[in-house]
Amino acid sequence: MKQKKKWLIVAAAVLVAAAAGGGIAFAVLGGSGRTAAETMDEYIAALNNGAYDEMYELLDEESQKETDQETFTERNKNIYEGIEASNITVEITDEGSENRTSGQTTQNLTYQMKMDTMAGELSFTQTATFHKSGREGYRLSWNDALIFPHLLATDKIRVETLDAKRGSIYDRNGILLAGEGVVSSVGLVPGKMSEDPSADLEKLAELLDTTVESIQNRLSASWVQEDSFVPIREIKKSGLDMEVLGKAELNEPSEDSLEGQLLAIPGVMITDASERVYPLGEAAAHLVGYVQNITAEELEEHEGEGYTANSVIGKSGAESLYEEELRGSAGCQIMMVDEEGQQKELILRKEAVDGTDITLTVDADLQQRLYEQYQTDKSVSVAMNPKTGEVLALVSTPSYDNNLFVLGMSENTWNSLNEDENQPMLNRFRATFVPGSSFKPVVAGIGLSTGTLDPDEDFGAVGTSWQKDASWGNYYVTTLHGTDPSNLENAMILSDNIYFARAALKIGQDTLTEQLDRLGFNERVPFDIWTTESAYSNEEGEWSEIQLADSGYGQGQLLVNPLHLAAIYTAFVNEGNMIQPYLRMTETAEPTVWVEQAFTAEAAEIVKNDMVQVVENPEGTAHACQMDGITLAGKTGTAEIKDSQEDTTGTELGWLGILTPDAGEQDAFLLLTMTEDVKDRGGSGYVVSKTAELLSSWME
């Protein structure tokens, strides 16, 4: 048996000599030209480089007579590039002896070919015949079977993508937030349409928020027959009740429902179709997000990651955040088919790997309740377990129906969403806002922790208007309720701006900003979803006394992200440690301290007890949230957004943070809500009353 000889794909060194006086070049590889193995080596090197014309030049005369260069190039290019072949190597396993028959010298080489393809590594054994051609040496006798064994000239190679099933997104109780479900596919059967369907098409276009021209284009497709069902658009089912696995329970559509009106049009037919659905719709759109077909730019950006032109990709929210895990990995198969398109042989198959299901810490019921309570407002609500960091709800209102991005959205609908002055597409839990008095517990915690504030010190009753001295000119700090004695507890209960302005002056700018930096200001919240950084000033350098005083009660230039503020509030029920919020539920998830000793344990306890009085004390600004049998702690805030102290045209933001001060890890609860435009609607009292309604049903 002859010794096995391995040939790697390395371009052979070729020496070119010119015949004297003739200018004709020929290869010289030893006295008798190139060997069969060297020809094979050059052939595979050219194949790796996509140099199909060089491959053709290595074919023997008979092969070139049977296959012209254009056909050869097109055949090889389409197949090898179609399967994304690369790193092609051959290992010669049997280098046969030379045979001379009828004046022609031949040699057979048996080899194993390996290559990487879109379906994985492909390997096969084949034998090639080489004919000796004068001083050039051996040239290849080519046929289609050298591409793949058993491949005939009439056969084709077909590549099919095997789609991976996208993972679903669930809430903590197994409720579907995103996944496969049932929708209605609305279409027309041409043979059942009216003889003059013009008016019907206009009505159909109006109901489906599309155009008559778009419908007519679908009806004029070449495949359409009289009895064909021509899909026009998918819509959410009427009377749809999405269960955990995305199944649907249907009620018969009423005549005035969308489906009822559609079915009244001659020729309209509605069938069930599988589609990715978002059962909570508007209630969780900003949190869950949506998928859409991948764009050409995204395909280029994600080159080599397994996406195809038919792929969908997460565009926002959890769909985008967990895209890599949700999408799974597409498979594919390379098949040999005959001239009639029938499968002849499966060459290679890579199975699709379905995406991973994701479980979030959110509670779908609470998410829905918060949305319904505030859906007509411009608001944001953050609910979390302050002991564990589990985020129970993230709600931004007004909202949009994320199902529209999957089912299809007209240009009019898209424009109306973007031009709506209430900004339903704005994700408010990622933004920052002026915190107003909801920031006072933070200032109190800093003052107590740094020893710059004595909770029992009486600053002295000054009424409802105060300035440090005449250097402030016409500027006064005002408050709705003055305190007497003016100590921390009373100031917290009545939300006395003057007390906290004076407290900030005692703390000082350097200490205040240093401590705010410790609490995560000017840095990203360590959370799965990106949020805007909280900030305490939009300019560097020393603050004026007025800016420092205003910062004490959450005004000045303070901007706080709601999730960040909720995280700071967790320190008041964790002996001063700030707990890091998280969104993804896993078996190994454990509470993580974001800022150790954000406040001293003693300071946290004092602030917590004062916040309890904000709810329990009849004069407390959050007393409306008081519940029998359940102890709650809270803090309200009304932030003024205006150009100057004299400005009467500005607006107000209403805040409320409410939490269970003494609950165990399983039952701990924290809810922080901000609502815009509460001026003339009761300020923070508007938020207190709406939250009290929700708490009475939710917590019981």
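Okay, here's what the table says:
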{"quantity": "Mean separation of Cα contacts under 8 Å, 6 or more apart, over the residue count of the range 473-537: relative contact order %", "calculated": "19"}
{"quantity": "Using a Förster distance of 56 Å, the FRET efficiency for E325-D456 (Cβ separation, nearest 0.05)", "calculated": "0.55"}
{"quantity": "Nearest-20 debye value, the chain charge dipole, Cβ charges on Lys, Arg, Asp, Glu", "calculated": "1940"}
{"quantity": "Extreme residue, positive dipole direction of the chain, given options S544, G96, Y52 (C-beta unit charges)", "calculated": "G96"}
{"quantity": "Fewest-first ranking of S416, S399, using other Cβ atoms within 10 Å as the exposure measure", "calculated": "S416, S399"}
{"quantity": "Pairwise centroid distance, computed over Cα atoms, of the range 173-218 with the range 441-477, Å", "calculated": "64"}
{"quantity": "Amide N of the range 408-448 lying under 19 Å from the label point, which is placed 7 angstrom from the Cα of A535 along Cα→Cβ", "calculated": "427-436"}
{"quantity": "Average projection area in nm² (convex hull over Cα atoms of the range 611-687, one quarter of hull surface)", "calculated": "5.9"}
{"quantity": "Spatial separation of Cα centroids for the range 349-389 and the range 91-136, in angstrom", "calculated": "61"}
{"quantity": "Percent RCO, i.e. relative contact order, over the chain, from Cα pairs under 8 Å lying at least 6 residues apart", "calculated": "10"}
{"quantity": "Alpha-carbon Debye profile of the range 139-236, log10 I(q)/I(0) at 0.20, 0.22, 0.24 Å⁻¹", "calculated": "-1.01, -1.12, -1.23"}
{"quantity": "Förster radius 56 Å - calculated FRET efficiency between D163 and D484 (Cβ-Cβ, nearest 0.05)", "calculated": "0.20"}
{"quantity": "Cleavage-rule hits, GluC sites (Glu not before Pro), the range 173-230, DSSP coil, Cβ neighbours within 10 Å at most 16", "calculated": "E195, E226"}
{"quantity": "Which of C332, C625 has the fewest Cβ neighbours within 10 Å, and the rest in rising order", "calculated": "C332, C625"}
{"quantity": "Calculated [θ] (222 nm, deg cm²/dmol) that DSSP helices of n ≥ 4 give over the chain, each run adding -39,500 (n - 2.57)", "calculated": "-8000 deg cm²/dmol"}
{"quantity": "Reported label for calculated P(r) over Cα pairs in 10 Å bins from 0, in percent given [x] 3, 12, 20, 25, 23, 13, 4, 0, 0; [y] 3, 14, 25, 29, 19, 7, 2, 0, 0; [z] 3, 12, 17, 15, 12, 11, 10, 9, 6, 3, 1, 0, 0", "calculated": "[z]"}
{"quantity": "Residue exposure sequence - H481, H564 - by fewest surrounding Cβ within 10 Å", "calculated": "H481, H564"}
{"quantity": "Top positive-direction residue, dipole computed over the chain with Cβ charges, set T631, F124, G554", "calculated": "F124"}
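Laboratory data are not the source of any read-out in this text; all were calculated from the coordinates shown. As the structure is a computational prediction, the values presented were derived from the model and not from experiment. With ideal geometry, Cβ positions are generated from the backbone for all residues, glycine too; neighbour counts draw on all protein chains shown.
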